[in-house]
1. Among the residues of segment A:394-406, is any farther than 27 Å from A:SER283 by Cα, open to solvent by less than 10 Å² (accessible area, probe 1.4 Å) and in contact with a Lys or Arg (Cβ under 7 Å, 6 or more places away or on another chain)?
2. Of everything in segment B:41-71, what is away from every other protein chain (no Cβ under 14 Å) and without any contact (Cβ under 8 Å) to a residue 40 or more places away in the chain? Give them in sequence order.
3. Given (1) surrounded by fewer than 19 Cβ atoms within 10 Å (Cβ to Cβ); (2) touching a residue at least 40 places away in the same chain (Cβ under 8 Å); (3) within 14 Å of another protein chain (Cβ to nearest Cβ); (4) assigned to a helix (DSSP H, G or I), where does B:LEU74 come up short, assuming only one miss?
4. Could you go through segment A:300-314 and let me know if any residue there is open to solvent by 40 Å² or more (accessible area, probe 1.4 Å), without any contact (Cβ under 8 Å) to a residue 12 or more places away in the chain and over 23 Å from A:GLY670 (Cα atoms).
5. Would you call A:PHE453 touching a Leu at 6+ places or on another chain (Cβ under 6 Å), surrounded by 18 or more Cβ atoms within 10 Å (Cβ to Cβ) and either touching a residue at least 24 places away in the same chain (Cβ under 8 Å) or not in a loop (DSSP other than H, G, I, E, B) (or both)?
6. Which one is most open to solvent (accessible area, probe 1.4 Å) among residues in segment B:87-111 that are within 11 Å of another protein chain (Cβ to nearest Cβ) and charged (D, E, K, R)?
7. Are any residues in segment A:625-656 among the aliphatic types (A, V, I, L, M) and either touching a helix residue (DSSP H, G or I) at 6+ places or on another chain (Cβ under 7 Å) or surrounded by 24 or more Cβ atoms within 10 Å (Cβ to Cβ) (or both), and if so, which ones?
8. A:THR703 is checked against (1) under 24 Å from A:CYS358 (Cα atoms); (2) part of a strand (DSSP E or B); (3) away from chain B (no Cβ under 14 Å) and fails just one. What number does that condition carry?
Amino acid sequence: MGPEYPNRANTYQGPGSTPFAPPRNNMPISSNSVVGSDASSFRPTSVPGPVIGTGAPGFRPMQPGRPAPAYGPPTSGPIQRFATPQFPAASQVPPPQAANIGQPIVPPSMRPPPPSQGPPMSTSVNRQPQIPSVPIGSPPQSMYSASRPNMYQAAPFTGPPFPGGFQAQQSSPVSPPPPPPPQVPYQGGYVPPQPTTSTPFSSHQGAYGRAPPAASSSGMYVGSSAPPTGGMSDLVEDFSSLSLGSAPGSFDPGLDTKVLPRPLDGDVEPSLFAGMYPMNCDSRYLRLTTSAIPNSQSLVSRWQLPLGAVVCPLAETPDGEEVPIVNFATTGIVRCRRCRTYVNPYVTFTDGGRKWRCNICALLNDVQNDYFASLDATGRRVDLDQHPELTKGSVEFVAPAEYMVRPPMPPLYFFLIDVSISAVKSGMLEVMAETIKSCLDRLPGSPRTQIGFITFDSTIHFYNMKSSLTQPQMMVVSDLDDIFVPLPDDLLVNLSESRAVVEAFLDSLPSMFQDNVNVESAFGPALKAAFMVMSQLGGKLLIFQSTLPSLGVGRLRLRGDDLRVYGTDKEHALRIPEDPFYKQMAADFTKYQVAVNIYAFSDKYTDIASLGTLAKYTGGQVYYYPSFHSVIHKYKLRHELARDLTRETAWEAVMRIRCGKGVRFTSYHGNFMLRSTDLLALPAVDCDKAYAMQFALEETLLTTQIVYFQVALLYTASCGERRIRVHTAAASVVPDLGEMYRQADTGAIVSLLARLAIEKSLSYKLEETRSAIQLRIVKALKEYRKLYAVQHRVGSRMIYPESLKYLALYGLSLSKSTALRGGYADAQLDERCAAGFTMMALPVKKMLKLLYPSLLRVDEYLIKTPNVDDEFSKVCTRLPLVADSLDSRGIYIFDDGFRFVVWFGRMISPDLARNLVEEDSSTEFSRNKVCLTERDNEISRKLMGILRKLREGDASYYQLCHLVRQGEQPREGFFLLLNLVEDQVGGMNGYADWLLQIHRQVQQ
Amino acid sequence: MWEVILWFLYFIINMALIASNLYQIVCLTDLESDHMNPYESSSSINAVVIPEMVLHVLCSVFLLVTGYWFMFLLTLPIAVYNLMLYTNRKHLIDVTEIFRYVNAEKKYRFIKLLVYSFLFILIVIRSLVAGKFTNVLEPFHPANEDLNILSHVLEF
């Protein structure tokens, strides 16, 4: 143990000595200085908390009372195969980074980007000179206090009057003269943007025609075509506003809802964040709910929205933006001695390049000889362009041997397959076997990849796949109470050696159980057996389940069909695992680095709430195919299983997010298990998983100007290399609430809110969960209103920050999402739970797409435009999700990222319909009989082309296409109408009513 | 004399309860400060939860039977709460969610520790008194001693 952890002492510090190690208590700075004390406060007897830094994380080498075979010396055959050195010098050091925007290396006293490049300044400066020719119409007068009329003259005005007024992206808005922060501490470029221009003060006049009762000016709002625009250099705020009727139903029916804010452009990332700190990692990896960190506790308590981050450590990168890989072969990875931060673009080199200052804890570290480079006149390292870790917010370090406690594991796929009658009848078995076979060549990590299978019904069948055999050998174990694993060494085999046997097995699997009439499922015992086989190595366990577990340990019973439970205090119990067995198994799986993915197929109740727990705590995923039928769902299963098997996966990973002094991460939300207060254990991670976390201030007042966040993911790549992916981001600390709202990121907030809501639904009623969402939004808007209402006499209009204009809508659609909507009858319990598990892992963009799906009209395009590739983007104009958007002469595609619904209007021309689907237009699409297949005509090819393109844009799930004809109930209602979130459906408010309701509560 | 033995018994039970709580608190603190992993921590805590509950109920019942009303009432809330936890199957620490509840669990154990400490003081005083009384008063009131409940109540 000892020699393997040369720097362990630094890592497992006692709470006292490390104020910067995440979970610790506040400690006065003065105690930081003695590094030696770290060692002494470390308790040698205890199990080390894995810290990414030490490399131990994934594995707890000594666990008293748990022999943990996985960590022992490799005894089994397979392990020896890869125990050989796994370090191909794959240090593909990327090409020198040419232009470094914002060089981090500045003279000692400077903080990162040199003054010359102060990004925030530059963004705003060019707009400065535009002196307002403000149309000082009457509207502003009702908004701004008359006591400051002179302000108008001074107002820089950004461009022509905006009728709509959504100009958030390009303007960094003005705050009410925040006391200009002392310039000294900011040192150069890192002045948080002092907003100099304003987002035009926009109001959606006439939205709900009733004039705001506020003032005599009421008339001018209704239908006024020139909204009050213009800004005041000092005073104008960038809120948007909406005139709402003050009482329900009072708005003029003649005025439509078109002006309500809608995210029709999808997710808009806050550009401000990236602009301010160009060396931050891309927002696809890390998004903060607001990139302005509050500087005091009181500010935090006034910011009513969650304060946190959404991290997607392995997000897919577009070509050319791959994360550079850095190999510190000789020096060892450069990290801060005290807080273990990885070297990043924000560290500063001083003392002629001999020392570097950690940006997170400010400790001065020595630069090792091998890493030394002298500084040039501006204080930058001369070899900066050869060090991507000093210029890029995202890098990947190759981890040396001290970051491992065992040889890096090979990619391992283990399949636990239900072969009871329903699995065979639905055709699942066949599709699955076929898909796995087709993916064998593409499994990552060849030639080290390992594979194994267990099937089960009322008994458990093991398969000996030894490479010397020609046919797999089946062994049946029927003693469910005392599971044992026959031939433990040959159940898990190297794929390349046993390829022939594996293929033979997959070929014969469907036919083997063709006549199986067994209706039982010994799921629990089979799970235990799989655990025994896998615990040596870890890996990925794919479970194909189509019958409710009925035998042995972990059997489940039917629940959820009792209508009376809903609305009572026992309602939430339906959404949590019934049997503690599943939680215990999940914990054990995580411990041994096994990730579980659940594929559930049953048409009856299968208790996803219990099964999904396995995925939830092991970093896995739940795929649910209700009433699976191979004819219909074949492609969906094939695509999703293939993606699951072939996407790049990070194995035996642990993730930690570090942040600067005074800030501490308090809670984590997503599919993982916490291994210590701040360490996420992730047996397998891939690009489709995101994790959310919330932070809190530890001190009442933050003294720093910038808070840094660093996400580190230590994992084993499929090639067998141990790597650390590090994402670093900086955010400025602000003293004022307006700035926080301005820099808020709706996507991250909604993502975090959704996870919190789903977690809440596990212990409270759905009703309460939904009202909690609403309350949160109301509180936030109320706080915002307080900020500006007095100053600007907003009267009874609704005001909201430009950055959060979609918050209310997303809140509404969250309440209407499958996981949270309605009550007993509005969603099947299983679907609800599956949606909940899925949403807990979704990255921001997919989450927003799911909450506000896109609705596209395609019929004109199909008929008129000559070529599919031409003007494809024209098709992609999203429509508001209201039933009014649907024209009965049109064809529409509804896409929520998980499925397509193609809606045929009642009055579309018959030959158009005939061209697309085989049956004539009177045929009902019910029971999924009609599939959309490419037919031999131009129109059909075009439609398929569109669908293909949409699918390519979002490959993490397969969007199965459902056809719906207008007026065909209940199918139309189920697939489409229920999902038009702006409409009033199932007892839930429509968008307008929802806004009114929120507005009324805000005003109270 | 049997009273002294009884007090001694209470003393032992109380010490065991205090020890068990202290142990659990130490486990939780270790977990928080990363000196113990959740698996160990939860399994070592869960191992003593049920014995502690049983011991507590035993203690309560003894106090009731022997008529020490005040002390019985003191232990009653915890007994009821334990019963509630047990019937809701929440008495054991859930290893997967341990970090979410670690603060609440700690608080609960601190409260228990407080109650037990108070009980401990009472028991020590009572046993001293009892020892004295039996020794001193025995010759004078050999028969008066039996289960004078009122006197017990009045004494506290």
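1. As a first pass, look at segment A:394-406 and keep what is farther than 27 Å from A:SER283 by Cα: A:400-406.
Filter once more, so that each one left must be open to solvent by less than 10 Å² (accessible area, probe 1.4 Å): A:403.
From the residues that got through so far, the ones that are in contact with a Lys or Arg (Cβ under 7 Å, 6 or more places away or on another chain) too are A:403.
Yes, some residue in segment A:394-406 is farther than 27 Å from A:SER283 by Cα, open to solvent by less than 10 Å² (accessible area, probe 1.4 Å) and in contact with a Lys or Arg (Cβ under 7 Å, 6 or more places away or on another chain).
2. Matches in segment B:41-71: B:VAL48, B:PRO51, B:GLU52, B:MET53, B:VAL54, B:HIS56, B:VAL57, B:SER60, B:VAL61, B:LEU64, B:VAL65.
3. (3)
4. Yes - at least one qualifying residue is present in segment A:300-314.
5. On the way: touching a Leu at 6+ places or on another chain (Cβ under 6 Å): no; surrounded by 18 or more Cβ atoms within 10 Å (Cβ to Cβ): yes; either touching a residue at least 24 places away in the same chain (Cβ under 8 Å) or not in a loop (DSSP other than H, G, I, E, B) (or both): yes.
So A:PHE453 fails the test.
6. This residue is B:ARG89.
7. Initial filter on segment A:625-656 (among the aliphatic types (A, V, I, L, M)): A:631-632, A:637, A:641-642, A:645, A:650, A:653-655.
If the condition is that a residue be among the aliphatic types (A, V, I, L, M) and either touching a helix residue (DSSP H, G or I) at 6+ places or on another chain (Cβ under 7 Å) or surrounded by 24 or more Cβ atoms within 10 Å (Cβ to Cβ) (or both), then A:ILE632, A:LEU637, A:LEU641, A:ALA642, A:LEU645, A:ALA650, A:ALA653, A:VAL654, A:MET655 are the ones that fit.
8. So the condition that A:THR703 fails would be (2).
The values are calculated or read from the model by the stated rules, or taken from the named source; none is laboratory data. All of these numbers come straight from a predicted model, not from anything done at the bench. All Cβ positions, glycine included, derive from the backbone under ideal geometry; neighbour counts span all protein chains shown. Side chains included, ligands, DNA and RNA excluded: accessible areas come from the protein's heavy atoms. Shrake-Rupley method; radii C 1.70, N 1.55, O 1.52, S 1.80 Å.
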